[in-house]
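Okay, so here's the structure we're looking at.
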Amino acid sequence: MSRIAFIGVGAMGAGMATNQAKAGHDVLAFDLSPACLDRAVAGGCRAAASVAEAVADAEIVITMLPAGKHVRQVYEQDILPNAPVSALLIDCSTIDVESARAVGTLAAVAGFRFGDAPVSGGIMAADAGTLAFMVGCEAAEFPAFESALDPMARAVFHAGDLGAGQAAKICNNMVLGVSMLGVCEAFALAEKLGLDAQRFFDIASKSSGQCWSLTTYCPWPGPVEAAPSNRGYEGGFLTALMLKDLKLAQDAAAKAGATTPMGAQAEALFAMFEGLGFGQKDFSAILQLMRGRLDTLSAPN
């Protein structure tokens, strides 16, 4: 059993922390939201009154925070000054590469082992303990990170050195955003051409159009029972989070001098969809925008 401090138990973090508790670890959780903290406690975690209290005796510290500025602040002000230097520090937030490297450098100077380990899989996978983790850390330290992440994971990958986890995450999610738009456009066109959606799915899923966005996360209700499209596009991977990742990818592309026109167009389309009030819907709900059927979605949040 390990003593784990889990900082940030929101939509994703609560399920992740709960799976650590289910694995028999002593999880001390903290979140600024009492409701989120209550959910983690219901899942078997203990509540901490502050970050400093949570990390004071931790063997592993896991953070799941909204943005780079939050990660920098929490590590600089709360974690590095209060956690035992022997603690393994893991940031599972999706943030910019520069922030991940900056925090990692500060941690290394202070004598800590630190890795950036963003996740792929969404809320359902977080709850089920089937996330994929992309870890940026020293190769010799990877087994320790892999073991710590195992209760929350279906796969843990060593992406490379510090910051590589974030790089892998934003590149992967740019592929996801672009491919989902292509699948949505195809379903919308098939409908206009009088092609039955199920028959189109059956054909495309066995042909060259096959991809994860089609066969695992089909945006059209019906063909894939577990997809959010069959739950009114609730849960899953929120449009607001997809937009965040696409913005991070475009920012990284600009700084690296990379040309990503499809990523830029995907960002623009998801920004439009969020601007219409559907940021809290699963990102596959953008199908209804392409169909001209936003009326099929519930009222914007």
Residue list for the range 44-56, filter: in a loop (DSSP other than H, G, I, E, B), open to solvent by 20 Å² or more (accessible area, probe 1.4 Å) and touching a helix residue (DSSP H, G or I) at 6+ places or on another chain (Cβ under 9 Å): Gly44, Ser50, Ala56
Output for the range 249-266, where each listed residue is farther than 29 Å from Ala128 by Cβ, surrounded by 15 or more Cβ atoms within 10 Å (Cβ to Cβ) and of a type in the set (A, V, I, L, M, F, W, C): Ala252, Ala253, Met262, Ala264
Verdict on Leu32 being open to solvent by less than 70 Å² (accessible area, probe 1.4 Å) and either at positive phi or not in a helix (DSSP H, G or I) (or both): no
Criterion: under 11 Å from Pro118 (Cα atoms), open to solvent by 40 Å² or more (accessible area, probe 1.4 Å) and over 13 Å from the mean Cα position of the chain (by Cα) - qualifying residue of Ala159, Ala164: Ala159
Contacts under 9 angstrom Cβ, first residue in the range 182-204 being open to solvent by 80 Å² or more (accessible area, probe 1.4 Å) and modelled with pLDDT of 95 or more, partner assigned to a helix (DSSP H, G or I) and of a type in the set (Val, Ile, Thr), 6 or more apart: none
Qualifying residue in the range 233-256 (condition: at pLDDT 95 or above, at positive phi and in contact with a strand residue (DSSP E or B) (Cβ under 9 Å, 6 or more places away or on another chain)): yes
Test: residue in the range 21-28 that is within 21 Å of Leu241 (Cβ to Cβ), out of contact with any helix residue (DSSP H, G or I) (no Cβ under 6 Å at 6 or more places or on another chain) and open to solvent by less than 70 Å² (accessible area, probe 1.4 Å): no
From Leu214, Leu269, Leu246, residue being in contact with a helix residue (DSSP H, G or I) (Cβ under 8 Å, 6 or more places away or on another chain), open to solvent by less than 10 Å² (accessible area, probe 1.4 Å), in contact (Cβ under 8 Å) with a residue 40 or more places away in the chain and farther than 18 Å from Ala11 by Cβ: Leu246
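The values are calculated or read from the model by the stated rules, or taken from the named source; none is laboratory data. Fair warning: this is a prediction, and the values are worked out from it, not measured in the lab. Virtual Cβ from ideal backbone geometry, glycine too; neighbours counted across all protein chains shown. For accessibility, only protein heavy atoms count, side chains too; no ligands or nucleic acids. Shrake-Rupley method; radii C 1.70, N 1.55, O 1.52, S 1.80 Å.
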